[in-house]
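The values are calculated or read from the model by the stated rules, or taken from the named source; none is laboratory data. Here the structure is a predicted model, which is why all the values come from computation and not from measurement. Here the Cβ positions follow ideal geometry from the backbone for every residue, glycine too, while neighbour counts run over all protein chains shown.
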Amino acid sequence: MGPEPPHPAIGRGAVVSWLRARSTPSPCRSGPPWRGSPKRRSRQVGAFAAAVALALGASACAARVSGIGAPESPCFRSLPAASLAVHRHGRFAGVRFLSVAELASALRSSRTAPATRLPPALAHRADQICAVAYRGAYEPSSVKAAWPSTVPGARLAVVIVRQRDSVVLVTILLTRPPIGFSRTFPAIGRTPALR
């Protein structure tokens, strides 16, 4: 600790010397933590830099794995509606957040589009939507709001859900996807196989 405080009966000189002794830093707390030779300091700075780089790298990987902040995050609420649209049949294949205009452009430029005209449900081009894809064997009668209604034996059902209110607009039946899908929520979007 420090020196004992002087007794009140001791003179002013003893109090001043006691205050000086108390104000000098202790050898345990004086100076920077990397005291010593320049070689030792460079090792300590290098170890600190490596620890910071490791922490930043680990945090970047954690954010990537969790899906938080991904462009498809707004589609999290749309997954239950999409699963019900295919009657919980098939296997989750991915999700994509986009606008109706982007989907229409992808369907028009794709060779896999089932028809040349878009369904009337996709008339509002400014709407933000979630395209949720499921793989399986689908007939137009086995999904909600099928488009086109004449495609037999489709292997892919892309459920288009309006993002703001989770309303299923249309379920597009395809053989191959016209757009890329992200597997942001693979464990949550999986539907159990019907037996």
Open item on the list: Out of the residues in region 105-140 meeting the condition of being modelled with pLDDT under 90 and of a type in the set (Ser, Thr, Tyr), tell me which one is farthest from Leu174 (Cα to Cα).
Closed with: Ser105
Task: Residue among Ala51, Ala63, Ala81, Ala70 that is modelled with pLDDT under 75 and surrounded by 14 or more Cβ atoms within 10 Å (Cβ to Cβ) - done: Ala70
Task: Meets criteria (outside any loop (DSSP other than H, G, I, E, B) and either free of Cβ contacts under 8 Å to residues at least 12 places away in the same chain or over 21 Å from the mean Cα position of the chain (by Cα) (or both)) for Leu79 - done: no
Task: Counted residues, region 122-144 - those being touching a residue at least 40 places away in the same chain (Cβ under 8 Å), farther than 18 Å from Cys75 by Cα and either crowded, with 17+ Cβ neighbours inside 10 Å or polar (S, T, N, Q) (or both) - done: 4
TODO: Within region 141-161, work out how many residues are modelled with pLDDT under 90, in a loop (DSSP other than H, G, I, E, B) and hydrophobic (A, V, I, L, M, F, W, C).
DONE: 1
Task: Counted residues, region 84-99 - those being at pLDDT below 90 and part of a helix (DSSP H, G or I) - done: 0
Open item on the list: I'm told Glu102 meets every condition in (1) under 18 Å from Leu174 (Cα atoms); (2) surrounded by 19 or more Cβ atoms within 10 Å (Cβ to Cβ); (3) of a type outside the set (Lys, Arg) except one. Can you identify the failing condition by its number?
Closed with: (2)
Task: Any hit, region 162-175, residues being within 17 Å of Phe92 (Cβ to Cβ), among the hydroxyl-bearing types (Ser, Thr, Tyr), modelled with pLDDT under 85 and in contact with a helix residue (DSSP H, G or I) (Cβ under 8 Å, 6 or more places away or on another chain) - done: no
TODO: Select from region 96-121 the residues that are touching a residue at least 12 places away in the same chain (Cβ under 8 Å) and within 13 Å of Pro148 (Cβ to Cβ) and list them in ascending order.
DONE: Leu107, Thr112, Ala113, Pro114, Ala115, Leu118, Pro119, Ala121
